[in-house]
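*Asks:* This is the structure I want to talk about, given as C-alpha cells.
The values are calculated or read from the model by the stated rules, or taken from the named source; none is laboratory data. This is a predicted model, so every value here is computed, not measured. Reconstructed Cβ throughout: ideal geometry from the backbone, glycine too, with neighbour counts over all protein chains shown. Remember, those area values only see protein heavy atoms, side chains included, never the ligands or the DNA or RNA. Shrake-Rupley method; radii C 1.70, N 1.55, O 1.52, S 1.80 Å.
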Amino acid sequence: MKYLGGKSLAQLENLCKQLYETTDTTTRLQAEKALVEFTNSPDCLSKCQLLLERGSSSYSQLLAATCLTKLVSRTNNPLPLEQRIDIRNYVLNYLATRPKLATFVTQALIQLYARITKLGWFDCQKDDYVFRNAITDVTRFLQDSVEYCIIGVTILSQLTNEINQVSATAFLIEADTTHPLTKHRKIASSFRDSSLFDIFTLSCNLLKQASGKNLNLNDESQHGLLMQLLKLTHNCLNFDFIGTSTDESSDDLCTVQIPTSWRSAFLDSSTLQLFFDLYHSIPPSFSPLVLSCLVQIASVRRSLFNNAERAKFLSHLVDGVKRILENPQSLSDPNNYHEFCRLLARLKSNYQLGELVKVENYPEVIRLIANFTVTSLQHWEFAPNSVHYLLSLWQRLAASVPYVKATEPHMLETYTPEVTKAYITSRLESVHIILRDGLEDPLEDTGLVQQQLDQLSTIGRCEYEKTCALLVQLFDQSAQSYQELLQSASASPMDIAVQEGRLTWLVYIIGAVIGGRVSFASTDEQDAMDGELVCRVLQLMNLTDSRLAQAGNEKLELAMLSFFEQFRKIYIGDQVQKSSKLYRRLSEVLGLNDETMVLSVFIGKIITNLKYWGRCEPITSKTLQLLNDLSIGYPFLSQLLSTAETGEDEDQYEQFMLPLTAAFEAVAQMFSTNTFNEQEAKRTLVGLVRDLRGIAFAFNAKTSFMMLFEWIYPSYMPILQRAIELWYHDPACTTPVLKLMAELVHNRSQRLQFDVSSPNGILLFRETSKMITMYGNRILTLGEVPKDQVYALKLKGISICFSMLKAALSGSYVNFGVFRLYGDDALDNALQTFIKLLLSIPHSDLLDYPKLSQSYYSLLEVLTQDHMNFIASLEPHVIMYILSSISEGLTALDTMVCTGCCSCLDHIVTYLFKQLSRSTKKRTTPLNQESDRFLHIMQQHPEMIQQMLSTVLNIIIFEDCRNQWSMSRPLLGLILLNEKYFSDLRNSIVNSQPPEKQQAMHLCFENLMEGIERNLLTKNRDRFTQNLSAFRREVNDSMKNSTYGVNSNDMMS
C-alpha cells in the first residue's frame, strides 16, 4: 500500500467519503481539517495525480481536481509553465480515457482546465501561446461518440464562462496583482478577438447538425448534448464584449455589444431561424435556453446593421415571435413563459416604434401581443415575476406614441386601454381569492407594487379618458359598497376586508396615473379628470380617518400616502399653474379653493397618522418622509422664518426660539445640581440640539445666522461642552452635539461674515478647538473597542470632529496667524488632537468607512494647502503615516477620496520642490527649522514618493482614470523630484510591451515631457496636463491592437 504523507490511499478515500457523505458535524469537521493539511502539504501535486490514477471513489477524484485547481490558482510560488502544460494535457487525456466519470468529477476537471487556460492565456513557449488551442484541444472529443461530444462542448462552455467571469480568479492572476481587473479585461478581450467567434460558429453548426438529424427525444445522451450546446451558445452571446457589465440585475435593459467581425452571422437569417426552429422542435424543458439565446440575439447593438439590414433582421425576429404566439402551448411552462416575456420586452428596448410599425405583419403581431398580455394579467397567480417584462414593453410603447413619425398606424389607442383595464380589473378580482384562500398578498411586497405602478403610470396616461372613466366607475362601486357595509350591523369582516383591499389597489393606481402626468403634455380636460379622481380619494380619506379610533387598515393607509406623494410631485409647488382645472374641481366638490387649503389637508393627514399610527413603523416612516419632502420641495416652510431672515423683527425671532430657550435653561438647571436624572437630561439635550441643527442648516443669510450665534454664544455653549465632557462615551448623545457644532462653524453661503471690529470668528474657533480637544482626549481613554462597535463608539465621532475642523479651517472667517502671535494655543491644541486621533486609527479603517475617508482626506487637503508648516514640523513616523494614507487613497474606489489625495500630494510635492529649490540657491535667509527637517525626512525615505509616482503613472496608463486632471497636477512635481526613478520606470514600462510596440511607447514618453521646464509654475503645469491627455490617448491607441491591450479597434467600427 502506498502511503501519502502519513495517510494511505484508503484512508484519504475514507476521509473524502466522510467529508461529502456524513451527516455528523463533528466527523465532517475532523475530515475537513485532515484534508486541509493534505492540500497544504509540499508534495500535494504528486499525491493528487496518484489519487486520480489509483483512487477508486469519485470523492477522491473530486478532491484531487479541486486541490489542483487551487494549486494552479495560487499567486505566491506559482507552478512553472512546463508543469501547468503537463497538468492541462493530463486532464484532457484523463477525460478522453475515462468517459464514465461521475458528473461532478468531470465538471471539476473541466473547471481545472478552464482555470489553467485563463491564467496562462498570455504564457509563451518558443513564441507560441501554449494555452490558446482550446478548439484544437476539444476536436478529438467532438469527433467521437455523443458522450465524448458532450465533454468537448462542456469544456468550451466552461472556458467561455470562466474567462467572462470577474470573480476571485481576477485577483489570482499572478502577472499583475496590483491591477487584477485590468488584467482580466486584457485576457477577456484577447479571447474575444482570437477565439470566441470561432466557438460561437462551431456551436451554431453543431446545433444545426443536431436539429437536422431529427433528434431522438428519448435518448438521454442526446438530450445532454443539446443542453450543453445551448448553454455554450448562450455563454457566447452573454459574453461581456466591452467590459461594462458589472451588475447582473441591469441585464434586462442592456444591449449586446457584438463585435463588427461577427456581422456575417447576424446578417444571415438562418442563424435567427435556427433558434426559432429549435424552439418548436425540442421538448419544453429545453425551450427556456433557446429563448434565452433569442433574447440575447434580439438585443444585438443597433449599430451592427445599416437601416435596411436592421429592418430585415427585425422582420425575421417579429415573424418568429408571431409564430410562437400562434402556437402558445409551450408557454404553459413558467420558465418558457418568463423567457418569452423577456423576449417581448427586448422588442421595444432595442427597436423604435417607428421601425416596428413598418414590419409587414405588425397589425396582427400587436393584436397577438395585446391578447397575450391581457390573458397573462388576468391569470395574475401564474408567474407573477414575469409581468414586469410585459408592462415594460407596453410602458415603452405608450411613451413612444407622441414621438412616432411613421405614417403606418401603431394601433396603440386600441390595445393600450385593454392592457390598462386588464391590469386594474385583475388586481381587484384577485383580492377576494387571496383573502378566501389565505394566499400571499402582492400588496405586502411594496417594492414590486411600486415597480408595476411606475410602469402603469405611463400606460394608463395613453387614452387617459378611458382609464379615468374606468377608475371612476370601479371606485364608485367599491366606495358605495364599502359605505353600505360600514353602516350595516350584519356586515361580515370578510366583505369589509374585500372592499378595503379593492380600494387599496384603486388608491395606489389613481396615485400612479396622476404621477404619470409628468410623461405627457397634459390638457385642461385631463387635469379636470385628475380632479375627479383626487376628490374621490380625499372623500374616502375623510371616511377612513373618522373611523381610526375604532379600526384602521394599514395597507389602505400606505396606499393613501403613496397617492399623496404622487399628488405632491405633480400639483404642489412653484411650477404648478394655480388656475389648473384640478383645483377648480376640488373647490366645487370639497371647498378646497387653493394650494394653501390643500396643504392644510396634507398637514392634517400627517398629524392624524402620527396620532393614530405611531406604533406602525411603515406608516410613520412614510408619513415623516412626506413631511420631509414637503419641507424641501416647497417654499412655504421658509416663510415661517421670513421675518427673522430679514432681521426686521428680533422680538418675533425670540418668540420663535422660546421653546428652545426653555429647554436649554432646563438642561442648565439640571447640570447645576449634583444629582439629576441623567436619562431625562440626555433626552432633552439630544432633542434640543437636533432641532437647533435643523434651524442652523436653514439659516443661510448672514443676519438670521448672527441672531442664532448671539443667542447660543456665550450663554449656552458651556452646556454643550459640559455634555461632551460628561457623556463622551455615549455616541447617542455626543453625535448630535458634535454635528450641531460642525453645522455652526460651516460658512455656508458666506453666512459667517463678522464685522471688522468683531472677535467672534476667533471666539467661535476657540469653542471649536475646546470641543475637539475635550472629545478627542476623552475618547482616546476608551481603550480597546470591539471591531463591530468601533465605528459607532469611536470612529463616527472622530469623523465628525475632522469635518468640524475642516469647516472651521476653510471658512475664511479666522486669521490663524494671530493665535501664535498672541500666544493662544487654540489652533495648536486642535491640530495636535487631530494627530492623536489619526494615529489611533489603523490605515485600513481610514478607507473601510466611507464617511471617515471623506472627512479625513478633505481635512488633510486643507492642512496641506494652508498649514504645511505644521505638517512639516511633525515627527517622522507621523509624516510617514500621512504619506502612506495618501498613497493608499490614490487607488480608492471613491473618486472624491482619490481626487482629495491627488490635491494633498500636489501641495506636499510643491512645498518640497520649493524648499529644495531654495536650499540649492545662495540666500541670506536660511530655511526654517520645520522645512529643513521635512526635507531631511523625505531624503531619508525617497521610496514613499517614488511609490506614489509609480501608482499615479500606472493608474493613468492602465486603468479607467476618472480624474485625469487631478492626477496630472502632482505627477509633474513627482517626476521633477525623482527624475532618475522616472527614467527607470519609463524604461521598465517600455520594455514590458511586445517588441513591435516598444518604439511607439518610447515616443509617447518623449512627447509627454516635450516643452516641459524644471519648474512648477502654472503655465508649465497646464502644458504638462495637456501633454498628459495626449499621452494617455496615444498609449491607449498603441495598446488597442496588441493582445496586451484592453480594447480592440474592431469593436465599434
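*Asks:* Label-point separation (nm) for Y612 and N40, each offset 7 Å from Cα along Cα-to-Cβ?
*Replies:* Result: 6.5 nm between the two label points.
*Asks:* If you don't mind, another one. Computing the accessible area with a 1.4 Å probe over protein heavy atoms, can you report the carbon and sulfur percentage for the chain?
*Replies:* Working: 23880 of 48060 Å².
Of all accessible area on the chain, carbon and sulfur atoms account for 50 percent.
*Asks:* Please list 225-237, 117-129 highest first by mean number of surrounding beta-carbon atoms within 10 Å per residue.
*Replies:* Details: 225-237: 23.2, 117-129: 15.9.
Top of the packing list down: 225-237, 117-129.
*Asks:* Place the peptides 36-47, 449-460, 199-210, 940-951 in order of packing, highest mean first, counting for every residue the other Cβ atoms within 10 Å and averaging per peptide. Could the numbers behind the result be given before it?
*Replies:* Working: 36-47: 14.2, 449-460: 21.8, 199-210: 18.8, 940-951: 16.7.
With the highest mean Cβ count within 10 Å placed first, the list reads 449-460, 199-210, 940-951, 36-47.
*Asks:* Could you give the length gained on full extension between E1013 and T25, defined as 0.36 nm per residue of separation minus the Cα-Cα distance, in nm?
*Replies:* Values: separation 988, 0.36 × 988 = 355.68 nm, distance 7.06 nm.
That pair, E1013 and T25, stretches by 348.6 nm at full extension.
*Asks:* In nm, to one decimal, how far is the I632 label point from the D824 one, both placed 7 Å along Cα→Cβ?
*Replies:* 3.8 nm
*Asks:* Going by amide H atoms built from the backbone, whose H comes under 5 Å of the H on C961, apart from near neighbours?
*Replies:* none
*Asks:* Specify, per residue and in Å³, the volume enclosed by the convex hull of the alpha carbon atoms belonging to segment 815-901.
*Replies:* Looking at segment 815-901, the number lands at 95 Å³ per residue.
*Asks:* For G694, what is the net charge nearby, where nearby means another residue's Cβ is under 11 Å from its Cβ and Lys, Arg count +1, Asp, Glu -1?
*Replies:* Numbers: positive: R690, R693, K739; negative: D691, E743.
Charge balance in the 11 Å sphere: +1.
*Asks:* Using a/c under 1.5 as the rounded threshold, could you call segment 255-404 rounded, prolate or oblate? The axes a ≥ b ≥ c are square roots of the C-alpha gyration tensor eigenvalues, and prolate needs a/b larger than b/c, oblate otherwise.
*Replies:* Working: a/c = 1.75, a/b = 1.20, b/c = 1.46.
Cα axes put segment 255-404 in the oblate bin.
*Asks:* Under 20 Å from a point placed 7 Å out from the Cα of Q329 along the Cα-to-Cβ direction: which residues of segment 345-377 have their backbone N that close?
*Replies:* Residues passing the 20 Å test: 372.
*Asks:* Let me have the 222 nm mean residue ellipticity of the chain computed from DSSP H runs of 4+ only, each contributing -39500 (n - 2.57), with the sum over all residues rounded to the nearest 500.
*Replies:* On the way: 50 runs with 743 residues, N = 1053.
For the chain, the value works out to -23000 deg cm²/dmol.
*Asks:* Suppose R0 equals 25 Å. What FRET efficiency, 1/(1 + (r/R0)^6) with r the Cβ-Cβ distance, do H316 and S519 give to the nearest 0.05? Each step should come with its number before you reach the end.
*Replies:* On the way: r = 32 Å, r/R0 = 1.28.
FRET efficiency, H316 to S519: 0.20.
*Asks:* Using the beta-carbon distance between T895 and S490 and R0 = 60 Å, what value does 1/(1 + (r/R0)^6) give for FRET efficiency, to the nearest 0.05? Walk me through the numbers on the way to the answer.
*Replies:* On the way: r = 67 Å, r/R0 = 1.11.
Efficiency, from the Cβ-Cβ distance: 0.35.
*Asks:* Continuing with the same structure: Cross-link candidates for K569: which aspartates and glutamates have Cα within less than 15 Å, leaving aside residues fewer than 8 places away along the same chain?
*Replies:* D454, D527, D530, E595, D629
*Asks:* What does the net charge come to around G797 if you take all other residues with beta carbon closer than 12 Å to its beta carbon, with K and R at +1 and D and E at -1?
*Replies:* Working: positive: K739, R778, K794, K796, K851; negative: D730.
Spelling it out: positives minus negatives among the neighbours equals +4.
*Asks:* Report relative contact order for the chain in percent, whole number only (criteria: Cα-Cα under 8 Å, sequence separation at least 6). Spell out each step's value before the answer.
*Replies:* On the way: 1075 pairs, mean separation 62.3, N = 1053.
Reported relative contact order: 6 percent.
*Asks:* Turning to a different aspect of this structure: What Kirkwood radius, in Å to one decimal, follows from the Cα pairs of segment 442-634? Walk me through the numbers before you get to the answer.
*Replies:* Numbers: mean 1/r = 0.0584 Å⁻¹.
Result for segment 442-634, one decimal place: 17.1 Å.
*Asks:* Ok, one more. Each residue of segment 147-155 in turn: what ³J(HN,Hα) in whole Hz from Karplus with 6.51, -1.76, 1.60 and θ = phi - 60°, glycine and Pro shown as x?
*Replies:* In residue order, the calculated couplings are 4, 5, 4, 4, 4, x, 5, 5, 4 Hz.
*Asks:* Under the definition of Cα pairs under 8 Å and six or more residues apart, what whole-number percent is the relative contact order of segment 255-404?
*Replies:* On the way: 130 pairs, mean separation 39.8, N = 150.
Across segment 255-404, relative contact order equals 27 percent.
*Asks:* Distance in nm between label sites at D1022 and S600, each 7 Å beyond Cα in the beta-carbon direction?
*Replies:* My value for the distance between the label points is 6.1 nm.
*Asks:* At 1.4 Å probe radius, can you tell me the per residue accessible area of segment 255-404 in Å²?
*Replies:* 36 Å²
*Asks:* Shifting gears a bit: Using the Karplus curve 6.51 cos²θ - 1.76 cosθ + 1.60 with θ = phi - 60°, what ³J(HN,Hα) values do you get for each residue of segment 998-1008, in whole Hz, with x for Gly and Pro?
*Replies:* 5, 5, 5, 5, 4, 5, 4, 5, 4, 5, 4
*Asks:* In this model, which of K118/K851; K33/K796; K118/K997 are farther than 29 Å apart at the alpha-carbon?
*Replies:* Working: K118/K851 38 Å; K33/K796 40 Å; K118/K997 24 Å.
Flagged as over cut-off: K118/K851; K33/K796.
*Asks:* Under a cut-off of 29 Å between alpha-carbon atoms, report the lysines in cross-link reach of K322, not counting same-chain residues fewer than 8 places apart.
*Replies:* Within the straight-line cut-off, K322 pairs with K208, K213, K231, K312, K348, K358, K405, K421, K466.
*Asks:* Just subtract the alpha-carbon distance of Q832 and N677 from 0.36 nm times their residue separation and send over the number in nm, one decimal.
*Replies:* Values: separation 155, 0.36 × 155 = 55.80 nm, distance 3.53 nm.
Difference between extended and current length: 52.3 nm.
*Asks:* Also: In whole Å, what is the distance between the alpha-carbon centres of segment 481-560 and segment 319-363?
*Replies:* A separation of 36 Å, based on Cα centres.
*Asks:* Excluding V419 itself, what net charge comes from residues whose Cβ is under 14 Å from its Cβ, given Lys and Arg +1 and Asp and Glu -1?
*Replies:* Numbers: positive: K348, R367, R396, K421, R427, R461, K466; negative: E413, E418, E463.
Charge balance near V419 sits at +4.
*Asks:* While we're looking at this one, here's another question. Non-local amide H neighbours of H410 (under 5 Å, H modeled in plane, Pro and chain starts lacking H): which ones?
*Replies:* When sequence neighbours closer than 5 places are left aside, there are no close amide H contacts.
*Asks:* For segment 442-634, what's the relative contact order in percent, using C-alpha pairs closer than 8 Å and at least 6 residues apart?
*Replies:* 22 percent
*Asks:* What whole-number value in Å² describes the accessible area per residue of segment 802-947 for a 1.4 Å probe? Each step should come with its number before you reach the end.
*Replies:* Working: 6770 Å² over 146 residues.
On a per-residue basis, 46 Å².
*Asks:* Test of understanding: what is the full-extension gain from D848 to N760, defined as 0.36 nm times their sequence separation minus their Cα-Cα distance? Please list the in-between numbers first.
*Replies:* Numbers: separation 88, 0.36 × 88 = 31.68 nm, distance 3.76 nm.
Stretched out fully, the D848 to N760 stretch lengthens by 27.9 nm.
*Asks:* How high is the FRET efficiency from L624 to D651, r the C-beta distance, R0 25 Å, rounded to 0.05?
*Replies:* 0.20
*Asks:* Each residue of segment 734-746 in order: what ³J(HN,Hα) in whole Hz does its phi give by Karplus 6.51 cos²θ - 1.76 cosθ + 1.60, θ = phi - 60°, with x for Gly and Pro?
*Replies:* The phi angles translate into 6, 4, x, 5, 5, 5, 4, 5, 4, 5, 5, 8, 7 Hz.
*Asks:* Skipping prolines and chain starts, which residues have an amide H placed within reach, meaning under 5 Å, of the one on V300, given they are 5 or more residues away or on another chain?
*Replies:* Close amide H contacts, sequence-distant or interchain: V256.
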